[in-house]
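Structure first, commentary second.
The values are calculated or read from the model by the stated rules, or taken from the named source; none is laboratory data. What you see is a predicted model, and the numbers here were worked out from it, not measured in a lab. Neighbour counts are summed over all protein chains in view; Cβ atoms, including those assigned to glycine, are modelled from backbone coordinates with ideal geometry. Note: areas computed on protein heavy atoms with side chains; ligands, DNA, RNA excluded. Shrake-Rupley method; radii C 1.70, N 1.55, O 1.52, S 1.80 Å.
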Amino acid sequence: MYDVAELEPLARELPISPNAIQPARNLVVLYGAVIFLSAFLLFQVQLVIGKYILPLFGGGPSVWNTSLFFFQVLLLLGYAYAHWLSSRRATKMQSRIHVALLAVALAVVSILWLKWGTPITPGAAWKPQPGDNPVAKILELLSVTVALPFFLLSTTSPLLQDWFARSQGGKSPYRLYALSNAGSLLGLLSYPFLVEWLLTIKHQALLWSSGFVIFALSCAGLAWQFGRQERGAREAQKPISSIDEASPAPSAMRYVLWVALATCSSVMLLSTTNLLCQNIVVIPLLWVVPLSLYLLSFIITFDSDRWYRRAVFIPLYALGLGVGMKAVFDGANFAAIRQIGIFSLALFSVCMVCHGELARSKPGARHLTAFFLLVATGGALGGVIVVLIAPVIFRGLWEFQIALIGCGALLIWSFLMEDRVGKTERASWAVALAILAYFLRSYLTQRQALVTAGVALIAALIYLRRKRNGAAAIAPNFPWIPAAALAAVALFAFFALQRIRRDADYALLQDRNFFGVKYVIKTFDSLRMQSGAVQHGSQFIDPAKRDEPTGYFSRKTGVGMLLTNFPRGANGSQPLRVGVIGMGVGTLAAYGQAGDFYRFYEIDPVVIHFSEGPHPYFTFVKDSPAKVETQVGDGRLSLEHELSQGQPQKYDVLIVDAFRGDAIPLHLLTREAMEIYTKELRGPDSVVAFHISNWYLDLAPVVVALGNSQQMSSVAVSTGGARWIFLSRNPASLALPKMKEFATPVPLSRAPLLWTDDYSNLLQVLRPEFVKSLYK
């Protein structure tokens with residue numbers, strides 16, 4: 001996006017002699033290249049380490065959001081360091097301190113490289129154990145692996161922009177900030193569509209580490225060059241640190257507004273990610289869309305002052321607010337693709353307004369690092385709100401509505417802080433008000449609508465009459481239109497609160513934790529548990545039918561036929577031992593008989609709570625004649641822990657049911673996981689059952705490859721609306737009575753794919769027809 005031709009004009013303004021033009025040009029290009037590389041590596045390391053840790057914690061947007069929160073805090077610390085360092089008057093001291101930190105980082109990376117084989121993927125000792133707090137463990141693991149390199153990468157953009165401005169006597173460096181976000185966007189998009197596809201995690205880590213070494217050496221070179229410029233600046237009788245000294249310091253209210261705008265956009269990003277990936281549609285890699293829009297808005301607004309126009313984006317925000325609120329409360333009537341488009345529009349409009357207002361009010365180069373520090377503070381606050389506070393105080397994903405509505409209040413606040421406002425901007429507020437009024441009509445009763453229209457009509461008539469008679473306007477300096485827009489935004493907040501209260505009554509129980517929002521919903525004949533767009537099981541209310549398995553686990557499905565007909569020894573009375581990864585509502589416990597043993601491995605304690613205790617919502621576990629146990633924690637890690645303690649469970653049937661959402665726990669589908677499963681089996685007659693019903697992913701090639709890796713036969717049973725694949729070393733175990741007539745060779749859309757802990761790629765198993773399903 002930025003080539004040498006674009007950066008060269010900046011070089012001409014450097015305080016150097018004509019004979020040094022070419023070296024100066026090279027220096028400008030080097031500044032841009034190092035900033036771009038640092039931003040690229042900054043995002044790539046988040047994705048590489050995220051790929052590494054995501055499966056260890058059960059997958060899900062919450063894992064990514066916790067990681068993002070950690071990186072936002074580190075970004076804040078990096079910006080604080082840049083602000084502290086740039087405030088020192090001694091240029092040479094800045095150079096020495098930063099070079100020393102880069103040297104320390106290179107030394108740490110080298111030591112970890114030798115210890116782990118790669119600097120950012122730790123050994124098995126750092127894997128979480130059953131019962132570990134997921135948030136604390138994620139933060140601990142990230143601190144050990146990538147904290148120091150990420151910290152230094154995060155300092156680069158503000159610090160080098162400050163050095164760049166100082167070396168040019170105060171020339172605005174904000175276009176380099178847009179270049180930095182362009183590097184971030186490239187790092188984001190290149191990972192799932194190129195890096196992840198071509199390289200194993202180990203090779204990704206090695207490639208990234210090599211890039212970091214190049215960055216550190218280049219940045220150290222720039223720091224050394226900057227330190228040398230102090231002497232040249234003294235010879236020119238112009239202190240290199242004296243940049244933009246005449247620019248006034250921003251007011252305290254302006255500082256608060258900067259933090260608030262950055263917080264609002266950060267909350268909007270994270271809440272939209274949660275909303276799209278949990279409540280709307282379960283498409284793998286969908287989280288890329290909101291993050292790309294967030295970065296794109298930074299690129300647009302900071303590239304040039306001409307891109308952000310209030311006359312365009314104030315009405316666009318009003319449109320985003322209107323359709324966004326309608327989709328939140330009436331989205332069940334929309335196709336998935338329409339909901340994705342609506343929420344993306346709402347996110348983009350909020351980010352453009354927040355970042356546009358930041359760019360519009362950005363200070364002179366003298367206050368550059370303070371500005372970036374406050375923006376980073378807002379980003380970190382957004383992470384704190386969504387990751388730490390919202391799951392505790394909110395039962396639903398309500399922070400989305402708060403950020404969407406709050407953006408309007410911040411926009412009006414920013415508008416009112418300016419002394420002069422043009423007619424075009426006032427007209428844009430009138431258009432926005434008309435758009436808001438259009439959407440508000442659907443929330444008003446007929447009587448409320450008539451009263452509101454009557455008040456507006458009377459006010460318009462009074463205004464026109466006074467104008468025709470030449471009378472002075474009432475309170476001519478009062479911003480009537482923004483005030484009216486603020487009232488409309490307040491009405492949206494009022495109606496949103498009403499709808500939240502009404503929707504809360506719709507669910508029998510609503511609970512939220514690290515793993516998302518869960519609902520227990522009562523229909524006319526059953527209770528069901530739902531998490532966003534995924535239903536995790538149901539149970540009949542009628543006592544006569546209460547213990548009848550339902551849904552993907554009914555007696556007509558493959559797993560129902562397997563558990564009903566599985567051999568029980570020569571006399572038919574041998575108890576079965578069954579392990580289940582993924583509990584749902586505990587439906588499979590309904591197949592248990594007296595003497596049988598069932599153990600559910602469930603990562604989400606709230607899910608277990610729904611089926612346990614003296615008064616559970618779902619009673620499959622309580623009513624089962626079998627002995628039923630539950631193990632809280634990741635299924636694979638729990639099995640590993642049992643084996644390490646010398647306690648293999650010797651299961652007759654091991655069921656893996658964790659692939660119906662968007663956050664596929666890939667670590668349950670690798671060769672190493674399959675080796676663990678086979679060690680937990682009783683013998684060659686035992687069966688490993690995979691439930692692979694999924695709208696968007698065809699996991700059959702992966703499961704068949706897992707069976708082949710352990711010399712196991714495989715069959716598919718697709719009945720009752722559920723798709724199951726069974727693996728066993730004894731083919732006779734896959735030809736049970738009543739099941740063999742439905743069992744078929746596994747249909748494959750492509751050759752078997754053997755995934756490992758070091759390499760997996762969801763793009764390989766995307767169903768070709770998944771796009772069509774978005775329109776349903």
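Filtering segment 358-379 for residues that are within 30 Å of Trp695 (Cβ to Cβ), open to solvent by less than 50 Å² (accessible area, probe 1.4 Å), aliphatic (A, V, I, L, M) and in contact (Cβ under 8 Å) with a residue 12 or more places away in the chain leaves an empty set. Flag: Arg671 does not match the condition of being touching a Lys or Arg at 6+ places or on another chain (Cβ under 7 Å), in contact (Cβ under 8 Å) with a residue 12 or more places away in the chain, within 21 Å of Ser638 (Cβ to Cβ) and basic (Lys, Arg). From the list Leu697, Leu643, Leu669, Leu706, the one residue that fits, being open to solvent by 20 Å² or more (accessible area, probe 1.4 Å), over 26 Å from Gly572 (Cα atoms) and not β-branched (Val, Ile, Thr), is Leu643.
Residue by residue, here is whether (1) open to solvent by 10 Å² or more (accessible area, probe 1.4 Å); (2) of a type in the set (Asp, Glu); (3) touching a residue at least 12 places away in the same chain (Cβ under 8 Å); (4) touching a Leu at 6+ places or on another chain (Cβ under 8 Å) holds:
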residue	(1), (2), (3), (4)
Pro173	no, no, yes, yes
Ser180	yes, no, yes, no
Phe193	yes, no, yes, yes
Thr200	yes, no, yes, no
Ala205	no, no, yes, no
Trp208	yes, no, yes, yes
Leu222	no, no, yes, yes
Phe226	no, no, yes, no
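Working only within segment 622-640, note down all residues that are aliphatic (A, V, I, L, M) and open to solvent by less than 20 Å² (accessible area, probe 1.4 Å). Matches in segment 622-640: Ala626, Leu637, Leu639. Checking the stated criteria, Ser713 turns out to be of a type in the set (Gly, Ala, Ser) and open to solvent by less than 60 Å² (accessible area, probe 1.4 Å).
Checking each residue in segment 127-143 for being touching a Ser or Thr at 6+ places or on another chain (Cβ under 8 Å) and closer than 17 Å to Lys51 by Cα picks out Pro134, Val135, Ile138, Leu139, Leu142.
Residue-by-condition table, conditions (1) farther than 21 Å from Asp623 by Cα; (2) touching a residue at least 24 places away in the same chain (Cβ under 8 Å):
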| residue | (1), (2) |
| --- | --- |
| Gly537 | no, yes |
| Ile541 | no, no |
| Ala544 | no, no |
| Tyr552 | no, yes |
| Val559 | no, yes |
| Thr564 | no, yes |
| Pro567 | yes, yes |
| Asn571 | yes, no |
| Val578 | no, yes |
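The requirement of being at pLDDT 90 or above and closer than 20 Å to Ser266 by Cα is satisfied by Leu358. Among the residues here, Thr273 does not qualify as at pLDDT 90 or above and assigned to a helix (DSSP H, G or I).
Of Ile385, Ile402, Ile389, all but one fail to be open to solvent by 10 Å² or more (accessible area, probe 1.4 Å), in a helix (DSSP H, G or I) and free of Cβ contacts under 8 Å to residues at least 60 places away in the same chain; the exception is Ile389. Scanning segment 107-117 for residues that are open to solvent by less than 40 Å² (accessible area, probe 1.4 Å) and in contact (Cβ under 8 Å) with a residue 60 or more places away in the chain gives Val109, Gly117. Consider segment 118-168 and keep the residues that are open to solvent by 40 Å² or more (accessible area, probe 1.4 Å) and of a type in the set (Gly, Ala, Ser). The one that is nearest to Ile299 (Cα to Cα) is Ser143.
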